[in-house]
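Heads up, the thing below is written out as structure tokens.
The values are calculated or read from the model by the stated rules, or taken from the named source; none is laboratory data. Everything numeric here is computed off the predicted structure, so don't read it as measured data. Note: ideal-geometry Cβ built from the backbone for every residue, glycine included; neighbour counts use all protein chains shown. Surface areas here come from the heavy atoms of the whole protein model, side chains and all, with no ligands, DNA or RNA. Shrake-Rupley method; radii C 1.70, N 1.55, O 1.52, S 1.80 Å.
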There are 2 protein chains.
Amino acid sequence: MAKKEKLLVIPLGGLGEIGKNMTVIQYGDDIIVVDAGLAFPDDDMFGIDLVIPDMSYLIENKDKVRGVVITHGHEDHIGSLSYLLNEVNVPVYATKLVCGLIEGKLKENHITNYSLNEVHHGDEVQIGCIKVGFIHTNHSIPDASALYFRTPVGTIVHTGDFKMDLTPVDGMPMDLHKFADLGRRGVLLLMSDSTNAERPGYTESETTVSSAFRKAFADAKGRIILATFASNISRIQQAINTAVLFKRKVTVLGRSMVNNVQIAIELGYLEVPEGVLIEPDELNRYPADQVLILTTGSQGEPMAGLSRMASNNHRSVSIMPGDTVIISATPIPGNETGVGRTIDNLMKLGANVIAGRDKKMHVSGHASQEELKIMLSLIKPKYFIPVHGEYRMLRRHGELAVQMGVEKDHILIGDNGQIFEFSNRAGHKTGHVNAGRVFVDGLGVGDVGNIVIRDRQQLAMEGMVIVVMTLAKGTSHILAGPDIVSRGFVYVRDSEELMREAHEKVAAVLERCEAGNIREWAVIKSQVRDTLSRYLYEKTRRRPMILPIIMEV
Amino acid sequence: MAKKEKLLVIPLGGLGEIGKNMTVIQYGDDIIVVDAGLAFPDDDMFGIDLVIPDMSYLIENKDKVRGVVITHGHEDHIGSLSYLLNEVNVPVYATKLVCGLIEGKLKENHITNYSLNEVHHGDEVQIGCIKVGFIHTNHSIPDASALYFRTPVGTIVHTGDFKMDLTPVDGMPMDLHKFADLGRRGVLLLMSDSTNAERPGYTESETTVSSAFRKAFADAKGRIILATFASNISRIQQAINTAVLFKRKVTVLGRSMVNNVQIAIELGYLEVPEGVLIEPDELNRYPADQVLILTTGSQGEPMAGLSRMASNNHRSVSIMPGDTVIISATPIPGNETGVGRTIDNLMKLGANVIAGRDKKMHVSGHASQEELKIMLSLIKPKYFIPVHGEYRMLRRHGELAVQMGVEKDHILIGDNGQIFEFSNRAGHKTGHVNAGRVFVDGLGVGDVGNIVIRDRQQLAMEGMVIVVMTLAKGTSHILAGPDIVSRGFVYVRDSEELMREAHEKVAAVLERCEAGNIREWAVIKSQVRDTLSRYLYEKTRRRPMILPIIMEV
């Protein structure tokens, strides 16, 4: 290489937020993308199904992108891969289970032309001028990886999402030796998972859930319904193991859970003895105390299995007294109300509900402070970028790094789009590339932007009042109307006087326009809007969206 | 009284929910109302400002209502009093601070004709045939009361909201002796606060917050900005005490906090040494380390003080590096995301943020399990109705009561509107009266009902497409249009083809109607709606509200 290039690290998602993780690693003309995730919409992103990163930097530099490497199979790491490959079709590298889950996704999205390359922990892959290595870690889904990148200016380590589970369900603790080895040889930059950076101590091992399951199963007199994340294969394995122990048959409900269980069994990540799995329609053949129902809906999502059962609206399961419902999850912030409502409704139907971390039915998949400190101690990075977390978590993680001996001004905290630039001697923040949120609504990707969302917010809060009128061509003479129609504003039957007076006000405006021979539609519309808006606000203290529509004949 | 009447207890709010507490106690022709609270809307109640109980039972029995007794001055206990007095103008009984807060509310709502009666702890008031007693308790606002009712069939105790604070800020622990005395004489029915029924152990004393404040104040180098609930006078007292200790001047921001502080000072519930309080516009006269700013916004509410400061949008305070922000509250479920965002933004502006229970900056105002058990042990009620809580909390509280020796079938768990009927020998649930939620939106009380909310939800999620056309009178001949206008659906500039094709589809429908001489507007509208809906769903997988409007000339 003639001139000395800089190494660029550009997170396109996952900084200042939980979700839609995506990071660009670039040296000269070689770009590697780490993960391609999605996020679920905030409450105020009305009608949005999914949020994906703004990938315009990758699209603009399409010819430089050499490959995508994936750390693990969660939606916030693989969920926008279809959208990326649609624009930038490059090879994807991932471990076996992750490949299986990705294949399912791509199929769903009708993507058939792709290059998906299975790697193993311990492998190194040459991508452009960079060698990428895959390290075994633990997380709330099996086959998770941390990555290291041997670049011309030094080694980068990216932890992915991880916890240090010394007694994991699959018997394979994370490869601490490899991290030690990398640290000993010298690491320029560490990027590490900040999700639990505010949580003191250690995250409990996934296997601690087993004993809680065993106790709950021992106490249950009737059916057991267990809800967890569809992707938490280890949790599902423990539920199935406990079912086998207590001689219960297992049925799996919910599209995503059925898919994941099937893929995990096929690829050898889930072991289910012969004859244990039954179909939902076989449930009736077994006594209540010989049945375990695995389902989605642990977050109170209205359309998911458990929520449907709670609202007595599930195709194949009706909750009955004697049922035990185990919610093997804790509510993600924002979901507390929905989960609470689900629990209340299940209890009203007679179920005994055992939920959450307090009852030991859930442990986190992310490292707490002591584990994060161990990671920092093993790697001893020269520079540190905390990733995967909201701003306060990144900051807290930065403080931990200072405690672990990273120089204070080598802690680089940024937001999405931030360019971090490294030579073999120094690293710092430089400019920004385009980064942000692209909304997916139905089939539309990016066609719902901030204007549409703002309209939806106004419609949601105040409703809409439409005023239609027909004018004689080229004049301001009214042939028909004004008609006033409202939606989401007031219940018209109870507000006849209000609407009648509103009509009078508008009619008066139009008469004045006609008398003054005002023909500009923009002027007429704005007078109607102003008059009506003022009147309705005075009477109701509400500001519905007002939409005057003029036709002419 | 000739015939033997039954005692009825009818909660109109506060069962199966947190908020809008209101309970009817009725014997024969005498009705007493306990509390008149409001609730804040759920996320899916778009545009609603407040939710109040359905009071139709009280309005229908207006001539029997003898009075309203209030337990304490929180919004969820006094917030719907104006609406009640508008319909049923009866005397109100409350302690001094509560009267002060109520007066403010009534004034705000332009209610001038009322009878507000100040009572003292220890007082008994004869209301109809029932004697009502006020007992001093502790809560997150001073001057809180539990109530007892001496009725012809026995004594009822209603705890209101309470905790057992043995070292309260005002030096007045709750009157445990009175509860012991009532219990010794025999109590027919206990109604007790279930808010923290799922929380093991004891709730910490309010004064434990003081030492956390002192530590934070000692560490702070610049301004201190402290956010808490406007009604938490004890918390505000502790903040002011700490400010005095550290020689800081105090300014108060936020309408509700300014009001409450003023009322509390006037009535002697808040002690502020001369010269400590300053006006916001005096802030600049003092060095940063001699200032404490008290503000609202501890729940991340977008329009409140702290949130405005966080988004750099506050009239009188701009956050700067060196500021210490103390959030002396924990997020109410549902508010975690908003509070998190506020903290992130404050940190980005350079503030040091100390927040929540983990940092000892907040304690709850509600009794935990051990306190609830003490209450049950003191009162030894024959019957028990857990109140003030969501269903799972009521259930948990019921379990505690069983542990404390209440007979299992004497635990009565109900929902709003449930009639609980008692003689001096037995109690049970009978029928229901109308109860539910009445939405307040701007000036409208109850004019936004479920239909309007459903419309708003659809508008929020999918937006709206309006089709207008002008027909020749009495025919299906089109004179103008169809015009298609959308809001909250797609960004039209990016979707020209979609809208053009949609227009073609609608035009074709109208041509067919004209050809077939179809003149019924309902038929034309439904054909337009069906065709357009099918087309848009096929193209976008969205279902906007479609509103065909026909005019004729």
Spelling it out for B:L471: with amide H atoms placed in the peptide plane at 1.01 Å from N, the residues 5 or more places away or on another chain with amide H under 5 Å from its amide H are B:L479, B:M551, B:E552, B:V553
Surpassing 18 Å at the alpha-carbon level, of the pairs A:K373/A:K408; B:K20/B:K382; B:K64/B:K96, are B:K20/B:K382; B:K64/B:K96
Between the modelled labels at B:V402 and B:S211 (7 Å from Cα along Cα→Cβ) the distance in nm is 3.9 nm
Phi angles of the stretch B:261-273, converted by Karplus (6.51 cos²θ - 1.76 cosθ + 1.60, θ = phi - 60°) into ³J(HN,Hα) in whole Hz with x for Gly and Pro, give 4, 4, 4, 5, 5, 4, 8, x, 9, 9, 10, 10, x
FRET efficiency (B:R185, B:E266; Cβ distance; R0 30 Å; to 0.05) is 0.20
Per residue, accessible area of the stretch A:463-552 with a 1.4 Å probe, heavy atoms of protein chains only, in Å², comes to 47 Å²
Shape descriptors of the stretch B:107-201 over alpha-carbon atoms, Rg and Dmax in angstrom, are 15.2, 46
Residue-normalised 222 nm signal for the protein assembly as shown, counting each DSSP H run of n ≥ 4 as -39,500 (n - 2.57), nearest 500 deg cm²/dmol, is -9500 deg cm²/dmol
A:I550 neighbourhood, Cβ < 14 Å, K/R = +1, D/E = -1, net charge -1
With label points set 7 Å from each Cα along the Cα-to-Cβ direction at A:Q126 and A:N284, the distance between them in nm comes to 6.4 nm
Rounded to the angstrom and largest first, Cα extents along the principal axes for the stretch A:166-262 equal 56, 28, 26
Among beta bridges assigned by DSSP with both residues in the protein assembly as shown, the antiparallel ones amount in percent, to the nearest 5, to 55 percent
Quarter of the surface of the C-alpha convex hull for the stretch A:208-355, i.e. direction-averaged projected area in nm², equals 8.0 nm²
Once amide hydrogens are built 1.01 Å from N within the peptide plane, the residues lying 5 or more places from B:I546 or on another chain with amide H under 5 Å from its amide H are B:V465
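What total accessible area, in Å², is buried where chains B and A meet, using a 1.4 Å probe and rounding to the nearest 100?
Using a 1.4 Å probe, the pair buries roughly 5100 Å².
Given 0.36 nm per residue, what is the gain on full extension from B:H428 to B:A508 after removing their alpha carbon distance, in nm? Let's see the in-between values first.
On the way: separation 80, 0.36 × 80 = 28.80 nm, distance 6.48 nm.
Working it through step by step, the gained length comes to 22.3 nm.
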Taking only protein heavy atoms and a 1.4 Å probe, the highest-to-lowest accessible-area order of B:M375, A:M303 is A:M303, B:M375
Log10 I(q)/I(0) at q = 0.06, 0.08 Å⁻¹ for the protein assembly as shown, from Debye over equal alpha-carbon scatterers, is -0.57, -1.03
Ignoring ligands and nucleic acids, B:L38 exposes an accessible area, probe 1.4 Å, in Å² to the nearest 10, of 10 Å²
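First compute the accessible area of the stretch B:208-355 with a 1.4 Å probe, then give the percent of it belonging to carbon and sulfur atoms.
On the way: 3310 of 6440 Å².
Within the stretch B:208-355, the accessible surface is 51 percent carbon and sulfur.
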In Å, the Kirkwood estimate of hydrodynamic radius for chain A over Cα pairs equals 26.5 Å
Rounded to the nearest 0.05, FRET efficiency between A:I374 and B:K380 (Cβ-Cβ, R0 60 Å) equals 0.65
Output field shielding_mean for A:460-473 (other chain Cβ, 10 Å radius) holds 6
Residues meeting the amide H criterion for B:V291 (H placed from the backbone, H to H distance under 5 Å, 5 or more places apart or on another chain) are B:I224, B:K249
Accessible-area order for B:D143, A:D358, A:D170, largest to smallest, probe 1.4 angstrom, reads A:D358, A:D170, B:D143
quick note, the stretch B:62-149, DSSP beta bridge pairs, % antiparallel (nearest 5) is 65 percent
Taking the square root of 5λ for each eigenvalue of the C-alpha gyration tensor of the stretch B:450-552, the equivalent ellipsoid has semi-axes, largest first and in whole angstrom, of 24, 16, 11
Taking a crude spin-label model, label points 7 Å out from Cα along the C-beta direction, the B:R150 to B:V258 distance in nm is 4.7 nm
Quick tally, 1.4 Å probe accessible area for A:M404, B:M551, A:M172, sorted with the most first, runs A:M172, A:M404, B:M551
Expressed as a percent, the accessible surface of the stretch B:1-130 that is carbon or sulfur, using a 1.4 Å probe and the full set of protein chains, is 45 percent
If each part is reduced to its alpha-carbon centroid, the stretch B:484-553 and the stretch B:339-418 end up apart, in Å, by 52 Å
Expressed in square angstrom to the nearest 10, the accessible area of A:Y383 with a 1.4 Å probe stands at 10 Å²
Mean separation of Cα contacts under 8 Å (at least 6 apart) over the residue count of chain B, i.e. the relative contact order in percent, is 15 percent
Trypsin sites (Lys or Arg not before Pro) in the stretch B:461-546 lying in a DSSP loop, each with at most 16 other Cβ atoms within 10 Å of its Cβ, come to B:K473, B:R519, B:R541
Once all protein chains are kept in place, B:T167 shows an accessible area at probe 1.4 Å, nearest 10 Å², of 80 Å²
Per residue of A:545-553, other chain Cβ atoms within 10 Å number on average 5
With the label set 7 Å along Cα→Cβ, B:H120 is separated from its counterparts in the other copies, in nm and shortest first, by 8.6
Once phi for every residue in the stretch B:11-25 is put through the Karplus expression 6.51 cos²θ - 1.76 cosθ + 1.60 (θ = phi - 60°), the whole-Hz ³J(HN,Hα) values, with Gly and Pro written as x, are x, 9, x, x, 9, x, 7, 9, x, 6, 5, 6, 9, 9, 10
At the level of C-alpha centres, the distance separating the stretch B:266-296 and the stretch A:212-291, in angstrom, is 61 Å
Note, the stretch B:397-404: 3J(HN,Hα) by Karplus (6.51, -1.76, 1.60, θ = phi - 60°), whole Hz, Gly/Pro = x, goes 5, x, 5, 4, 5, 4, 4, 8
